[in-house]
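Every number here is computed from the coordinates shown, using simple stated rules; none is lab data. Worth saying up front: this structure is predicted, and the values here are computed from it rather than measured. Because the Cβ atoms are built from the backbone with ideal geometry, glycine has one as well, and the counts that use them run over all protein chains shown.
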Amino acid sequence: MAAPGRENGMSEATLLRGGALAEPLRAEIADEAARLKARGIVPHLAVVVASDDPGVASYAQSKEKMAAKLGITLTAVTADPADGQAALEACVTRLSQAPEVHGIILALPVASGLDAEAAIACIDPKKDVDGLTPVNLGLIALGLESAAIAPATPQACIRLAESVAPLAGSRVCVVGRGRAVGRGLIPMLINRDATVTVCHSRTTDLAAAIAPSDTVFVAIGRPHLIGAAHIRPGQVVVDAGISMVDGKMAGDVDGAAIRATALALTPVPGGVGPLTSTLIFANLMRAIALQTGEPLAARSL
Ligand code: NAP
């Protein structure tokens with residue numbers, strides 16, 4: 001059978017758009033939020049902003065918009081960078097202990113001089129909707145993912161890849177072992193029985209390392225570094241990279257250069273990002289289930 005998008009002899013890669021997968025999930029999250037509210041639980045996400053960077057503030061605002069659409073309460077909490085690390089950690093600890101708060105995000109990056117890792121470690125793992133605490137990443141690394149809250153971007157990458165073909169038994173390559181994506185994605189792929197190759201800045205021949213893979217995940221923050229020289233016919237390419245180039249969002253993959261070669265690829269913008277932002281709210285529903293001990297009603301969350 002011809003691959004999707006390759007009918008009529010066309011050889012253009014199928015574009016894997018995150019919005020298409022996010023839409024039904026959003027409906028399930030809204031239903032779950034309504035069900036919880038009917039039982040007296042008002043889903044509540046706190047976003048801690050410890051930076052004067054307008055980009056970080058706009059991240060919090062974008063979450064506010066989606067929360068409102070889903071019927072979820074979102075509080076943006078400012079931790080003034082001038083107050084220092086102890087105040088930031090006290091803020092995160094207070095939210096971790098507040099029974100009315102079900103999820104906590106530390107908006108990254110924090111201001112220079114603040115230690116994001118130490119502040120992340122203060123998040124109650126059951127409220128860690130970004131899946132970045134040592135406890136959640138440790139559970140995932142141990143193969144105990146069902147007890148963890150998994151980071152949203154790796155989840156989005158995996159859902160997009162699996163919309164083309166199952167990962168179990170397949171060969172995959174992850175380019176980037178970074179904090180937000182690679183560190184979670186690599187063990188999550190192992191947990192799904194993929195055979196995983198990992199590349200990073202010290203990899204000497206990226207093209208050779210990538211070549212045997214069925215699916216290539218890229219998360220390095222180097223705009224358009226991966227191009228025609230790296231991708232062979234039939235590969236699925238999932239690009240989590242986000243950079244701004246001349247005021248426009250760019251991925252790590254030069255999509256135009258590989259469009260005729262790849263089987264499928266995620267566009268930037270419009271690929272991994274929109275699904276990630278929805279999965280953070282799916283993680284909030286999961287966090288509430290972990291805190292209350294009651295299972296989720298919606299099975300795909
Ligand atoms: P990170 O911590 O910034 O680390 C970057 C990784 O890329 C490192 O492992 C580094 O190797 C590797 N790298 C850098 N240059 C390389 C090169 N020339 N060849 C091969 N590997 C190279 O990464 P991150 O925080 O995971 O973020 C990665 C990207 O994902 C960024 O663009 C970020 O904005 C984006 N992101 C997207 C979403 C989304 O929703 N789509 C969410 C979060 C992050 P070393 O380990 O050797 O230094």
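Values computed for the structure shown
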quantity: Estimated inter-spin distance, Thr292 and Ala121, nm [label 7 Å along Cα→Cβ]; calculated: 3.3
quantity: For Thr78, residues with placed amide H under 5 Å, excluding near neighbours; calculated: Val49
quantity: Distance from segment 183-212 to segment 133-147 (C-alpha centre basis), Å; calculated: 19
quantity: Neighbourhood net charge (15 Å Cβ-Cβ; Lys/Arg +1, Asp/Glu -1) for Pro187; calculated: +2
quantity: Pairwise centroid distance, computed over Cα atoms, of segment 233-301 with segment 20-60, Å; calculated: 16
quantity: Cα gyration tensor shape for segment 40-127, rounded if a/c is under 1.5, else prolate or oblate; calculated: oblate
quantity: Relative contact order of segment 151-274, pairs being alpha-carbon contacts under 8 Å that are 6 or more residues apart, as %; calculated: 24
quantity: Antiparallel bridge percentage (DSSP; both residues within the chain; nearest 5); calculated: 10
quantity: HN-Hα J in Hz across segment 287-294 - Karplus 6.51, -1.76, 1.60, θ = phi - 60°, x for Gly and Pro; calculated: 4, 5, 4, 5, 6, 8, x, 9
quantity: The chain: Lys pairs at Cα distance under 26 angstrom, eight or more positions apart or on different chains; calculated: 13
quantity: Extension gain from Lys37 to Glu100, taking 0.36 nm per residue of separation minus the Cα-Cα distance; calculated: 21.4 nm
quantity: Interchain or long-range residues, amide H under 5 Å from Gln235's placed H; calculated: Leu263
quantity: Residue-count net charge about Ile226 - beta-carbon cut-off 15 Å; Lys, Arg +1, Asp, Glu -1; calculated: -1
quantity: Extension gain from Asp205 to Ala57, taking 0.36 nm per residue of separation minus the Cα-Cα distance; calculated: 49.4 nm
quantity: Extreme residue, positive dipole direction of segment 151-274, given options Val238, Thr197, Ala165 (C-beta unit charges); calculated: Thr197
quantity: Residue-span extension gain [Arg17 to Ser243] - 0.36 nm each, minus C-alpha spacing; calculated: 79.5 nm
quantity: ³J(HN,Hα), Karplus 6.51/-1.76/1.60, whole Hz, each residue of segment 96-101, x for Gly, Pro; calculated: 4, 8, 7, x, 7, 9
quantity: Computed [θ] at 222 nm, deg cm²/dmol, the chain (DSSP H ≥ 4; -39,500 (n - 2.57); rounded to nearest 500); calculated: -12000 deg cm²/dmol
quantity: The chain: most fluctuating residue of Gly273, Gly234, Gly131 per GNM, C-alpha cutoff 10 Å; calculated: Gly234
